[in-house]
Amino acid sequence: MWKTIFRITVLLFILYFTRPLWEKYTTDYVNLDFLHPVDVKVEQWTERAKTSEWPSQMWESIKRNAGDVYDRVRGVVKKPVLEEVATPPAETLPASINEEGTLSLGLSHETILDALGEPKRTLLNEYQTVWHVYHENYHRFMLISYDQQNQIAGLYTNSPETLLSEPVHYGDARESVRKTYGKPLHEMTKGRTIFVLQENEGLDVFQLEDRYVYAFYDEHRNYTLTSLLVVAKALEKQRESMYVSSSQSLRNSYEQLLFELTNAVRVREGKSILRFHDPLASTARKHSIDMAKNNYFSHTNLQGESPFERMRKDRIHYTQAGENLAYGQFSPIFAHEGLMNSYEHRMNTLTPKYTTAGIGVAFNEDEIPYFTQLFLKE
């Protein structure tokens with residue numbers, strides 16, 4: 001009996017790992033979507049095997065995976081600590097930005113152009129201004145927004161290579177950040193409305209004399225600082241609601257920004273850059289529109305179609321695919337950081353084998369955005 005089980009197991013391993021040789025001949029006849037969970041688990045184990053901590057983490061991973069089914073039924077995903085990944089060598093910004101060679105609020109548009117040149121692109125944001133997107137093949141990624149005086153009023157970076165003139169830095173412990181900035185806010189006033197900030201272990205909001213600082217933490221790396229959003233008080237106050245009026249231009253910008261953020265974190269973590277896939281984005285957008293219109297939030301639509309069935313319906317071919325969903329976040333930055341603190345979504349974002357991505361955004365009648373992010377290996 002045991003010999004038979006062993007032989008069957010060996011045969012299954014051989015079939016799985018020779019899949020590239022036979023898969024393209026069978027997809028027209030056999031639905032291989034059932035292999036996707038196996039792909040994800042193999043990818044996770046492969047990534048862990050690259051680190052020296054892998055043997056000591058094996059038992060914890062087995063225990064986590066054994067509880068995955070129960071957690072999914074409850075709608076909960078466990079959030080284990082992931083391994084450390086080496087980041088690219090740090091490079092300081094040009095010293096001409098300011099005397100310290102760092103970025104800060106109040107610097108002029110002209111100063112930034114002289115130091116950094118033209119941005120890669122400009123995208124509308126929730127402050128009714130635009131983000132000027134800078135990066136070098138997604139290294140040293142940063143977003144810069146200007147006020148009416150053409151001075152920096154907003155900054156964001158998730159790169160350890162980008163230096164902001166803030167007293168905290170990428171990788172700092174959450175306790176250290178709180179000690180530096182003080183007590184985080186629990187509510188914010190927008191117009192005549194007070195918004196109570198939901199308790200979020202991965203985010204602190206600090207109100208300082210001239211600015212607000214949004215500190216995002218990596219829950220999988222012991223709550224160390226993973227990115228900073230710094231917004232001048234005047235810019236923050238001109239946003240009258242946490243959710244802004246939607247438009248097609250804002251939707252397009254949200255989709256593109258989430259794509260940019262995804263590539264920035266992939267490069268930071270040593271993964272390849274994804275290509276934007278327009279047909280895939282269309283499939284993602286249709287799902288976001290459907291969720292927003294019909295007031296639900298699920299990977300399976302009301303017709304019972306999975307992400308993989310929706311892709312096949314749109315004649316999108318793939319050998320491996322995954323989907324991330326986010327709802328209720330104030331912007332693509334918040335959506336991205338939330339996804340990175342969800343274990344399964346994080347693994348989708350950082351899967352090395354994925355080559356392309358498509359992102360679709362839609363807003364419901366309350367202007368709350370729905371984000372659908374599809375990944376695939378062609």
query = Which members of region 361-378 meet the condition of being polar (S, T, N, Q) and within 14 Å of the chain's Cα centre (by Cα)?
reply = T372, Q373
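For (1) aliphatic (A, V, I, L, M); (2) modelled with pLDDT of 95 or more; (3) more than 12 Å from A357 (Cβ to Cβ), each residue gets a yes or a no:
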{"position": "Y254", "(1), (2), (3)": "no, yes, yes"}
{"position": "F276", "(1), (2), (3)": "no, yes, no"}
{"position": "A281", "(1), (2), (3)": "yes, yes, no"}
{"position": "Y296", "(1), (2), (3)": "no, yes, yes"}
{"position": "H299", "(1), (2), (3)": "no, yes, yes"}
{"position": "Y318", "(1), (2), (3)": "no, no, no"}
{"position": "G322", "(1), (2), (3)": "no, yes, no"}
inquiry  = Exactly one of these conditions fails for I194: (1) modelled with pLDDT under 90; (2) of a type outside the set (S, T, Y); (3) not in a strand (DSSP E or B). Give me its number.
reply    = (3)
inquiry  = If I go through region 100-125 residue by residue, how many of them are assigned to a loop (DSSP other than H, G, I, E, B), among the acidic types (D, E) and at pLDDT 95 or above?
reply    = 1
task = Mind counting the residues in region 204-263 that are more than 14 Å from the chain's Cα centre (by Cα) and among the aromatic types (F, W, Y)?
result = 5
Residue check, E240 touching a residue at least 24 places away in the same chain (Cβ under 8 Å), in contact with a Gly (Cβ under 7 Å, 6 or more places away or on another chain) and acidic (D, E) = yes
key: From the options G322, G338, G358, residue that is within 25 Å of R275 (Cβ to Cβ), within 18 Å of the chain's Cα centre (by Cα) and not in a strand (DSSP E or B)   = G338
query = If you go through region 279-301 one residue at a time, how many are within 16 Å of G322 (Cα to Cα) and not basic (K, R)?
reply = 12
inquiry  = Here is a list: A357, A321, A335, A292. Which entry is over 19 Å from N125 (Cα atoms) and out of contact with any Asp or Glu (no Cβ under 9 Å at 6 or more places or on another chain)?
reply    = A357
query = So which residues in region 301-316 are among the polar types (S, T, N, Q) and either free of Cβ contacts under 8 Å to residues at least 40 places away in the same chain or farther than 17 Å from I359 by Cα (or both)?
reply = N301, Q303
message = Every residue in region 269-289 that is assigned to a helix (DSSP H, G or I) and either surrounded by fewer than 19 Cβ atoms within 10 Å (Cβ to Cβ) or within 12 Å of the chain's Cα centre (by Cα) (or both), please.
response = D278, P279, S282, K286, I289
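The values are calculated or read from the model by the stated rules, or taken from the named source; none is laboratory data. Everything numeric in this text was worked out from a predicted model, so none of it was measured. Backbone-built Cβ (ideal geometry, glycine too); neighbour counts: all protein chains shown.
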